[in-house]
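Written below as structure tokens is the structure these notes are about.
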Amino acid sequence: MIDITDVRISKIEGDEKLRAFATIILSDSFLVGDLRVVEGEDGFFVAMPSKRKRDGSFKDIAYPLNNEVRALIEERVLQAYEAATGNRAISRLEKGEPGPVRPDLLGVEEFGFTPKTNPN
């Protein structure tokens with residue numbers, strides 16, 4: 001499991017759905033920025049950093065490779081958002097709903113990495 005050692009929140013005012021940008025620091029060694037705290041119809045969620053492609057669509061450029069890590073990131077970012085703003089951020093997690101399954105995301109093997117196996 002990853003170790004999220006810090007979460008920083010930058011509030012956004014005046015946007016219809018975007019509430020904040022977030023930055024997470026992993027193991028005091030790696031920073032991932034431009035996560036977005038978005039208020040959707042079913043509550044708050046965390047969108048991963050993305051860039052616009054030439055055809056106008058967006059592609060995530062940093063993202064978790066499994067739902068367990070996605071849920072951890074969303075939980076920590078929404079807790080930090082609540083602490084920074086005082087606003088309650090009801091999420092899918094509180095309702096017991098899983099996050100979206102993203103078939104367009106590459107799995108660890110497709111991305112060119114071989115998962116480590118435990119020799120024990």
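Any read-out appearing in this document is the output of simple, stated calculations on the displayed coordinates, not a laboratory observation. The structure displayed is predicted, hence computed values, not measured ones. FYI the Cβ positions are ideal-geometry reconstructions off the backbone, even for glycines, and counts take in every protein chain you see.
Positive contributions from Lys and Arg (+1) and negative ones from Asp and Glu (-1), summed over other residues with Cβ under 9 Å from the Cβ of Leu18, come out at 0. Among Arg88, Arg36, the order by Cβ neighbours within 10 angstrom, fewest to most, reads Arg88, Arg36. Residues in region 44-60 carry Karplus couplings, in order, of 8, 8, 10, 9, 6, x, 9, 9, 7, 8, 4, 7, x, 7, 10, 10, 5 Hz; the curve used is 6.51 cos²θ - 1.76 cosθ + 1.60 with θ = phi - 60°, and Gly or Pro positions show x. Fewest neighbouring Cβ atoms within 10 Å first, the residues Tyr63, Tyr81 line up as Tyr63, Tyr81. Backbone amide hydrogens, once placed in the peptide plane, bring Ala20 within less than 5 Å of Ile12, Val37, excluding anything fewer than 5 places away on its chain.
For Ser50, the residues whose modelled amide H falls within less than 5 Å of its own, excluding neighbours fewer than 5 places apart on the same chain, are Ile61.
Evaluating 6.51 cos²θ - 1.76 cosθ + 1.60 at θ = phi - 60° for every residue in region 5-21, the Karplus couplings come out as 8, 7, 9, 10, 10, 10, 5, 10, 10, x, 9, 4, 10, 6, 9, 6, 9 Hz, glycine and proline recorded as x. Counting charges near Ile4 (Lys, Arg +1; Asp, Glu -1) among other residues having Cβ under 14 Å from its Cβ returns a value of -3.
Just rank Phe58, Phe44, fewest to most, by other beta-carbon atoms within 10 angstrom.
Numbers: Phe58 11, Phe44 24.
The fewest-first ordering by Cβ neighbours comes to Phe58, Phe44.
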